[in-house]
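These notes are about the structure you will find just below.
Throughout, read-outs are computed from the coordinates displayed, never taken from laboratory work. None of the values given here were measured: they were computed from a predicted structure. We place every Cβ from the backbone using ideal geometry, glycine too, and count neighbours over all the protein chains shown.
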Amino acid sequence: MTNVRNTASPHWRRWLGVEHRCLVPFTSFSEPEPQPDGKKPPARFALAEDRPLAFFAGIWVPQWTSVRKVKEGEVAADLFAFLTCEPNAEVRAIHPKAMPVILTEEGEREAWLAAPWAVAKDVQRPLADGSLAIVARGEKRDEG
């Protein structure tokens, strides 16, 4: 798993066709929040407190063959990445470099999955400021 920001890079261009695009469902995502003591516990973001379903713009490559660990030798793995962009105000306060591309409208999800790159590339933008809420901070604790 990795992040894809520079879609002009020859490395990523080959994976930007519709055959490699996917939607990655989520209800919240986290970014490490730097603390004065040097620790970086996660801050979790969602569209609202009730964490409604949303989607990241994703890229997947099934059965990529490579050597990841010399001891294992050549393996085939399903790989995926998230498209990223400049952060909006909420994410920028914690992670100033980037945020995942979040698709909240049906039309933008359809464009990401089916449109030519000249159209689909327009989804690579941050959500409007004020569109995300921090719904939790610190390490996850399971209920019960």
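Any idea how far apart Val70 and Ala118 come out in nm if each label point goes 7 Å out from Cα toward Cβ?
Each label point lies 7 Å from its Cα, and together they span 4.8 nm.
Do any trypsin sites (Lys or Arg not before Pro) in region 35-127 lie in a loop, going by DSSP, with at most 13 other beta-carbon atoms within 10 Å of their beta carbon, and if so which?
Lys39, Arg68, Lys69, Lys71, Lys97
Show me 25-33, 13-21 ranked by packing, highest mean number of other Cβ atoms within 10 Å first.
25-33, 13-21
May I ask for the distance between the Cα centers of region 1-62 and region 99-140, given as a whole number of Å?
The two parts, judged by their Cα centres, are 9 Å apart.
Neighbouring Cβ atoms within 10 Å as the yardstick, rank Phe45, Phe82 fewest first.
Working: Phe45 26, Phe82 21.
Neighbour counts put them in this order, fewest first: Phe82, Phe45.
Evaluate the Debye formula for region 77-137 with equal point scatterers sitting on the alpha carbons, no solvent, and hand back log10 of I(q)/I(0) at q = 0.13, 0.16, 0.26 Å⁻¹, in q order, two decimals.
The Debye formula, applied to the Cα set alone, gives -0.41, -0.59, -1.11.
Any idea what the alpha-carbon Rg over 2.2 N^0.38 Å comes to for region 1-113? Numbers along the way, then the final one.
Working: Rg = 16.2 Å, N = 113, 2.2 N^0.38 = 13.3 Å.
Here the answer is 1.22, to two decimals.
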